[in-house]
Amino acid sequence: ADNGDIPTPTPVIVNDLIYLNSWHGKFSPILAVRTGAQGNITLARDSTQNKYIAWSVKRGGAYMHTPLVYDGYLYNLHTNGQLTCFDAKTGEMKYKNILKDTFSASGIAADGKLYFSSENGNIFVVQAGPEFKLLAQIPMNDLCMATPAISDNTLFFRTQHYLVAVE
């Protein structure tokens, strides 16, 4: 197949669109598929959209990371730290920037901020929105491969040896 052949990231459904992400294969697509799609939804050779696909990017999908859709934007993180922001409805790229670290975990969002945990134990806090702004880089000083979690007003960061709660 021309699309990614190992779709590891979990699909995300927001506002009647299913966001799919994959890395392996001839292409590494990001697809925004309408929830009512049925039958053959394959794109024409040089097309990025059709009746069932609102928008797509042929190259740019991630290997492990579930895309993060927050406040109208889709954030796509790669293992090498490349963070790309798209308008979630149109697919227009807003920015591409590098968080200088290695990542396995997916990102989370709360209170206008994005949180990304690197394998080296750094928490990158990025301002949500169409312009890249790194707000903080917080060292946890321990291996961190787990996606952070949110419950009530508390952020949880799981490292190899610790569980850190920030309220």
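For the chain, the number of Lys pairs with C-alpha atoms closer than 29 Å, counting only pairs eight or more positions apart or on separate chains, is 25. When peptides 115-127, 141-153 are ranked by their average number of other Cβ atoms within 10 Å per residue, the highest-first order is 115-127, 141-153.
The residues of the chain expose on average 55 square angstrom of accessible surface per residue, using a 1.4 Å probe on protein heavy atoms. With Cα atoms as the point set, the range 14-59 shows a radius of gyration and Dmax of 10.3, 29 Å. As an equivalent ellipsoid, the chain spans semi-axes of 29, 16, 14 angstrom, where each value is the square root of five times an eigenvalue of the C-alpha gyration tensor, largest first.
Amide H contacts for Tyr73 (H built 1.01 Å from N in the peptide plane; partners 5 or more residues away or on another chain; cut-off under 5 Å): Ala88.
The values are calculated or read from the model by the stated rules, or taken from the named source; none is laboratory data. A quick note: this is a predicted structure, and the numbers were derived from the prediction, not measured. When we count neighbours, we look across all protein chains shown, and the Cβ atoms used for this are built from the backbone with ideal geometry, even at glycine. Ligands, DNA and RNA are excluded from the accessible area calculation, which covers all protein heavy atoms including side chains. Shrake-Rupley method; radii C 1.70, N 1.55, O 1.52, S 1.80 Å.
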